[in-house]
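What follows is a short report on a single structure.
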Amino acid sequence: IQEQIVAELGSYQKIIDGAKQVVENYKPTFKIDPEWEIKKVEELCNLVRGSSPRPKGDKRFYGGKIPRLMISDITRDGMYTSPKKDTLTEIGARLSRPMKKGNVIMAVSGNPGLPTILAIDACIHDGFVGFKDLSSSILPEFLYFLLLHYKDTNNMQSIGAVFKNLNTNQIKHFNIPVPSIQIQQQIVTQIEKEQKVVNSNKELITIFENKIKDKIAEVWGE
C-alpha cells in the first residue's frame, strides 16, 4: 500500500515538474525582420512619464477610489492589468498621471522594461511611462509583445537594464520596428495561442498539487 501511494504521488509530482518547466521557461519571442519599417517611439505615440503626489501616504491624495498601477499588479496580471494594490483620491489623481483602459504602460524602475496594457482606467506613478494616443499603424498588443521581447531577449544589454537610466526624452528616440498591421496581428495571434498552452500548464500544476494534498489527507484519514 505504501508503494502504491508513493507511486501515485510520484506520478503527480512528475506532471507538476513537467508543467513547471513549460511555465518557467516560456518566453514570447518572434523574429524581427530587418526589412520592417523603423519608427521612433515619438512618431508612434505621445510618451508621458508618470507622476506621484507628495508627500507619499498623505490622506488628501492616497486611499481613494481611483486605481494606481504598481509593479506588483503587473507581475500578478501580466498582459492586461487591473491595478488593485494602491488607490488615489480625486485630488491625488489630478496630481498623478491618469491613463486610459487599453494604454500600453512600461516600467522604468523596479522592474525596468516590464510592459503591460491597462485593463481599466488608472493612474501611473513616476516609475512608469505611458504610451498615449497610439498610432493606428501599431497594435497595442504588438507593442506590448515587442517591449517584452526586447526585455527578455536582451536582458542586461538592452531595454530592461538601461531604461532605469533613461529619461522620457531619450525613450522617445528609441527605434521601433513596425511591420504591416496584418503581420502584427499574425504575431499577436500566434503568441496568444502559445500563452493559452502555458496557462493550461499552470492549471495542471494547481490541479495536481491539490491531488497530492487530497491523497495525503486520505492517508491520514482526514
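The values are calculated or read from the model by the stated rules, or taken from the named source; none is laboratory data. Everything numeric here is computed off the predicted structure, so don't read it as measured data. Methodologically, a virtual Cβ is constructed for each residue, glycine included, from the backbone with ideal geometry; neighbour enumeration extends over all protein chains shown. These area figures cover heavy atoms from the full protein model, side chains too; ligands, DNA and RNA do not enter into them. Shrake-Rupley method; radii C 1.70, N 1.55, O 1.52, S 1.80 Å.
Show Tyr80, Tyr144, Tyr26 ordered by accessible area, largest first, where the area counts protein heavy atoms only and the probe is 1.4 Å.
Heavy-atom accessible area, descending, gives Tyr80, Tyr26, Tyr144.
Which shape class, rounded, prolate or oblate, goes with region 169-222 when its Cα gyration tensor gives a ≥ b ≥ c as root eigenvalues, a/c under 1.5 marks rounded, and past that a/b bigger than b/c marks prolate?
It is oblate, given that a/c is not under 1.5 and a/b is not larger than b/c.
In Å and on Cα atoms, what radius of gyration and Dmax does region 50-93 show?
When restricted to Cα atoms, region 50-93 yields Rg and Dmax of 10.9, 31 Å.
For Lys31, Lys172, what's the largest-to-smallest order of accessible area, 1.4 Å probe?
The most accessible residue leads, giving Lys31, Lys172.
I want to check the label-to-label distance for Ile38 and Asn25. Put each point 7 Å from Cα in the C-beta direction and report it in nm to one decimal.
Each label point is offset 7 Å from its Cα along the Cβ direction, giving 3.4 nm.
Take every Cα-Cα pair in region 1-84 and report what % of them are more than 23 Å apart.
Everything past 23 Å amounts to 63 percent.
Cα-Cα over 27 Å: which of Lys14/Lys84; Lys14/Lys215; Lys84/Lys132; Lys101/Lys172?
Beyond 27 Å: Lys14/Lys84.
Once fully extended, how much extra length lies between Asn167 and Ser136, figured as 0.36 nm per residue of separation less the alpha-carbon to alpha-carbon distance?
Roughly 8.6 nm would be gained on extension.
Quick one: which residues, 5 or more positions from Ser51 or on another chain, have an amide H under 5 Å from its amide H? H modelled 1.01 Å from N in the peptide plane, none for Pro or chain starts.
Arg97, Ile124, His125, Asp126
Largest first, how would His173, His149 line up by accessible area (1.4 Å probe)?
His173, His149
Express the C-alpha Rg of the chain as a ratio against the empirical globular expectation 2.2 N^0.38 Å, rounded to two decimals.
1.25
Quantify, in whole percent, the carbon and sulfur part of the accessible surface of the chain (1.4 Å probe; protein heavy atoms only).
Of the solvent-accessible surface of the chain, carbon and sulfur hold 51 percent.
How many Å² of accessible area per residue for the chain, probe 1.4 Å?
I get 57 Å² per residue for the chain.
What's the local net charge at Ile124, with K and R +1, D and E -1, over the other residues with C-beta under 9 Å away?
+2
Please give the calculated 222 nm ellipticity per residue for the chain, where each DSSP H segment of at least 4 residues contributes -39500 (n - 2.57) and the sum is spread over every residue; nearest 500 deg cm²/dmol?
So the calculated ellipticity at 222 nm is -14500 deg cm²/dmol.
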